[in-house]
Amino acid sequence: MNTSNSYRAAGIPILVAAIMVVSACATSPTGRSQLKLVSDSQMAEMGAQAFAQMRQQQTVSRDARINSYVRCVTDAITRTLDSPYKWQVEVFQDDSANAFALPGGHIGVHTGLLAVAQDQHQLAAVIGHEIAHVMAEHSAAQVSNQLATQLGVQALAGMSGVSPEIIGMGANLLLVMPYGRRDESEADAIGLQYMAEAGFDPRAAVALWHNMAAQSGGGRSAEFLSTHPAPATRIRDLEQLMPQALPAFQQAQARGVRPACR
Ligand SMILES: [Zn+2]
């Protein structure tokens with residue numbers, strides 16, 4: 001970690017104590033430094049528990065065609081990642097246009113998303129974005145901040161191994177905490193690069209957000225939108241990132257990386 005970085009969100013007392021007791025920060029793929037008081041394995045355990053809860057509470061889709069389509073897009077992206085996780089995806093029977101990914105490599109896609117993400121490229125834009133949240137350890141930063149506030153840094157740092165209560169608290173936090181705007185912008189940027197490197201056309205990310213905006217204007221609001229920045233802002237930002245993403249897509253195509261998920 002670089003101790004010259006400051007953690008505005010964490011507050012000074014937490015910052016000082018954290019530096020004293022643990023290696024307390026992580027650097028995201030874009031170079032942003034974040035508070036990190038929980039280990040990767042603890043985050044993965046929280047993610048697994050949260051995912052198990054989702055599976056219990058929600059209806060898992062058994063539609064073979066939809067499952068293989070979603071898995072095809074997910075696998076195309078995850079196989080390009082330098083990641084310790086064994087990524088898995090589950091499709092949930094839910095009309096809201098939503099998706100999520102949890103630490104440990106658990107991805108959830110709602111069937112309602114498939115009405116908005118109209119082809120493999122648009123679906124890859126959403127899945128790439130969600131995977132980016134995990135790879136950038138946004139949840140680790142959020143859970144660290146939240147647990148430090150609730151329990152105190154000393155209690156957190158003192159825990160060796162895995163306390164079931166803390167894992168349970170973390171799992172619940174993963175299910176309810178929305179990401180901040182800065183996390184969303186970063187996930188957009190990283191996700192765009194992921195989809196492009198996996199051979200999906202990054203221009204589809206812009207089309208997707210047009211679809212999302214149209215859907216939310218039509219009465220039923222897309223849940224995915226409620227915790228995310230305004231579509232116009234993110235479309236403009238995505239277009240600015242296109243000069244980097246397009247060459248990555250073209251290079252993938254040239255290498256013969258051309259996913260054909262349907
Ligand atoms: Zn997001």
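Listing for the model above:
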item	result
Highest average packing first - 105-116, 248-259, Cβ atoms within 10 Å	105-116, 248-259
Spin-label pair Val257/Asp63, simplified geometry with 7 Å Cα→Cβ offset, distance in nm	2.9 nm
Enclosed volume per residue, in Å³, of the convex hull spanned by Cα atoms of region 56-161	132 Å³
Highest to lowest packing among 193-200, 172-179, scored as the average C-beta count within 10 Å	193-200, 172-179
Rough spin-label spacing in nm, given labels placed 7 Å along Cα→Cβ, for Ser39 and Thr233	3.8 nm
Ser83, Ser144 arranged by Cβ crowding within 10 Å, fewest neighbours leading	Ser83, Ser144
Residues Thr74, Thr80, Thr59 arranged by fewest to most Cβ contacts within 10 Å	Thr59, Thr80, Thr74
Protection proxy ranking, peptides 44-50, 239-245, average beta carbon neighbours within 10 Å, highest first	44-50, 239-245
Distance between modelled label sites at His210 and Ala115, nm, 7 Å Cα→Cβ extension	2.1 nm
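Computed from the coordinates by the stated procedures, all read-outs in this text should not be read as laboratory data. Keep in mind it's a predicted model, so treat the numbers as computed, not measured. So basically every Cβ, Gly included, is an ideal-geometry build from the backbone, and we count neighbours across all protein chains shown.
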